[in-house]
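Q: Below is one structure. I have some questions about it.
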There are 2 protein chains.
Amino acid sequence: MNEFELIARLTRALPTNDSVVVGAGDDCAVLDLGLPDRWVLFKTDAVVEGIHFAPDAPPEKVGHKALARCLSDVAAMAGTPTAALVTLGLPPKLDVARVEALYAGMRELARRQGVAIVGGETTTNPERLLVSIALVGWVGKGKCLRRSGAKPGDAIFVTGELGGSLAGKHLEFEPRLAEARWLAEHFPVSAMIDLSDGLAGDLRHVLSASGVGAELLASAIPISHAAKRAFRDGASQKPPLLAALTDGEDFELLFTVASRAAVPLLDAWKKQFPQLALKCIGKVTAGPAVTLRDKEDLRPLPAHGYVHFA
Amino acid sequence: MNEFELIARLTRALPTNDSVVVGAGDDCAVLDLGLPDRWVLFKTDAVVEGIHFAPDAPPEKVGHKALARCLSDVAAMAGTPTAALVTLGLPPKLDVARVEALYAGMRELARRQGVAIVGGETTTNPERLLVSIALVGWVGKGKCLRRSGAKPGDAIFVTGELGGSLAGKHLEFEPRLAEARWLAEHFPVSAMIDLSDGLAGDLRHVLSASGVGAELLASAIPISHAAKRAFRDGASQKPPLLAALTDGEDFELLFTVASRAAVPLLDAWKKQFPQLALKCIGKVTAGPAVTLRDKEDLRPLPAHGYVHFA
């Protein structure tokens, strides 16, 4: 049983109440707490030493990453983060300087994105450092972007460049909050997700939530320099295109938009975010097949996004 | 450096914003998200195998405890819980039955208290099971009970019986949500906290937040049968009164109330909650001393509440 099968089993028949707009299964939970024009977003995410970061990773970057992952999920729903709680699982022999540096990394990102840190908790986790972030944010009522809205014919877009994140980006990425809100405000975005498990895997989350398929164009997939370098140097056995399709932790936005909006979107994006690439990588189909067009071939897309439980 | 010193250091100069009513340092964070008549409560709490529960503890009870601890913090502010997210740190060799039983324990408590479980996350924590709960709830604007409101002359009350929780209660306690809301609605409660670190330690959190002291009456402290039995059987070296003062994880309510309300409160309580003891255990003083009156003696109260980092 892998992570996704376990989650599917656990999230059957969960207790609910009148506040729940979106429960388990999207980037954030969405709650209606009675605000006239806003829904509340609610999310948690944890990073664990030796799993999500190396024991010698700079602690400022670990703190940054822990908060940035949660913010990336808020971005994926076109939301705005409000406040965070920090849970630290700490080995008993306390390295105070390490914990303070971790907090410094979180504080800096929180300040830049306007997020309040309103407390949290420390507990003992004897063998390894664990950082879990809980976040509340908001989105205009009816304005949050779900995974489930993609329609046949929609164009599929991705921000930035993909693959090879482990070489450094996974500790330094900036969550795409401003970009996601701008997209939702100006274009008919039909579905969105942030890329945490890898393009091939996360695309499938969108397609299966939407009941559609897709055809991707191999030559359009934006491949990072890090993925090319890792293959060239022998640090990775994955050909760069495969790395871009299946490496995890890109934390870029993957979204679908009505095809008539594709060209105006690309033009407007270039003016609004000249530093960040945006690529149309394919189109939504009636499905359910997911294929990759590579020169003359049309091949099934390998489905093995990065799955946390092997 | 112990847990409280570390937290004090980390919570200096945290980023804030307009939403923050109460940040780090009380039972829950309190946020003003724009609701006309309500504040939002926000809390996280984690339990770790081998620290908060034994490896052979029944998993249903572990799930119950993980959620109940968070609900107890909402109770301590006289709030109502709305929705929870569940973060599971799991060893790679997955025991599906154990995880499902854990969820069953959480679901049952959530249903009984009207709490929606709206998702969460699974991650790898190789050596031990970890369950972290994030919770949002609400309280009427200006109606939440803080730690900081105790005034000299106030009577100090505690619900239930204290000490010896490790014999079983720590896995089975029911958070005092209804009791706390009833108290806040009907009586001039000036400060409240839930007992997680032990009476002596948690009382000090209230007194130091309020800038006052206290005099407790030893003969009035409600001592649990479990604490008496553990001492009699040799399972614990702590005399029962010391256990009631310093054992952790009672999850009862400790609160202060204007002294004129003490007798009417005791009368009304007996009718409203006949199954649950309520004891007046002393009074708030101008401070800063915290003393225990024991027959003719007036002794300083041992300050060593249970501190998680030794």
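The values are calculated or read from the model by the stated rules, or taken from the named source; none is laboratory data. Just so it is clear, the structure is predicted and the values come from calculations on it, not from any experiment. We place every Cβ from the backbone using ideal geometry, glycine too, and count neighbours over all the protein chains shown.
Q: Say we look at the stretch A:101-132 and pick out the residues that are among the charged types (D, E, K, R) and more than 7 Å from chain B (Cβ to nearest Cβ); which of these is surrounded by the most Cβ atoms within 10 Å (Cβ to Cβ)?
A: The qualifying residue surrounded by the most Cβ atoms within 10 Å (Cβ to Cβ) is A:ARG128.
Q: Would you check which residues across the stretch B:228-247 are farther than 19 Å from B:ILE156 by Cβ and part of a loop (DSSP other than H, G, I, E, B) and list them?
A: Answer for the stretch B:228-247, where residues must be farther than 19 Å from B:ILE156 by Cβ and part of a loop (DSSP other than H, G, I, E, B): B:ASP233, B:GLY234, B:ALA235, B:SER236, B:GLN237, B:LYS238, B:PRO239.
Q: Then there's this: Among the residues of the stretch A:277-286, are any in the same structural domain as A:ILE193 (by TED's automatic domain parsing) and part of a helix (DSSP H, G or I)?
A: There is no residue in the stretch A:277-286 that is in the same structural domain as A:ILE193 (by TED's automatic domain parsing) and part of a helix (DSSP H, G or I).
Q: Filter the stretch A:249-262 down to the residues that are farther than 22 Å from A:ASP294 by Cα and not in a strand (DSSP E or B) and list them by number. Reasoning before the result, please.
A: Residues of the stretch A:249-262 farther than 22 Å from A:ASP294 by Cα: A:249-253, A:257-258, A:260-261.
If the condition is that a residue be farther than 22 Å from A:ASP294 by Cα and not in a strand (DSSP E or B), then A:GLU249, A:ASP250, A:PHE251, A:GLU252, A:ALA258, A:ARG260, A:ALA261 are the ones that fit.
Q: Might you let me know whether the stretch A:135-151 holds any residue that is more than 8 Å from chain B (Cβ to nearest Cβ), of a type in the set (Val, Ile, Thr) and closer than 20 Å to A:HIS52 by Cβ?
A: No: the stretch A:135-151 contains no residue that is more than 8 Å from chain B (Cβ to nearest Cβ), of a type in the set (Val, Ile, Thr) and closer than 20 Å to A:HIS52 by Cβ.
Q: Can A:GLY211 be described as touching a residue at least 24 places away in the same chain (Cβ under 8 Å), closer than 25 Å to A:ASN2 by Cβ, out of contact with any strand residue (DSSP E or B) (no Cβ under 9 Å at 6 or more places or on another chain) and surrounded by fewer than 23 Cβ atoms within 10 Å (Cβ to Cβ)? Explain how you work it out, then say what you get.
A: Numbers: touching a residue at least 24 places away in the same chain (Cβ under 8 Å): yes; closer than 25 Å to A:ASN2 by Cβ: yes; out of contact with any strand residue (DSSP E or B) (no Cβ under 9 Å at 6 or more places or on another chain): yes; surrounded by fewer than 23 Cβ atoms within 10 Å (Cβ to Cβ): yes.
In short, yes.
Q: Can A:VAL290 be described as at pLDDT below 95 and aliphatic (A, V, I, L, M)? Lay out the reasoning, then the answer.
A: Values: at pLDDT below 95: yes; aliphatic (A, V, I, L, M): yes.
Against the criterion (at pLDDT below 95 and aliphatic (A, V, I, L, M)), A:VAL290 qualifies.
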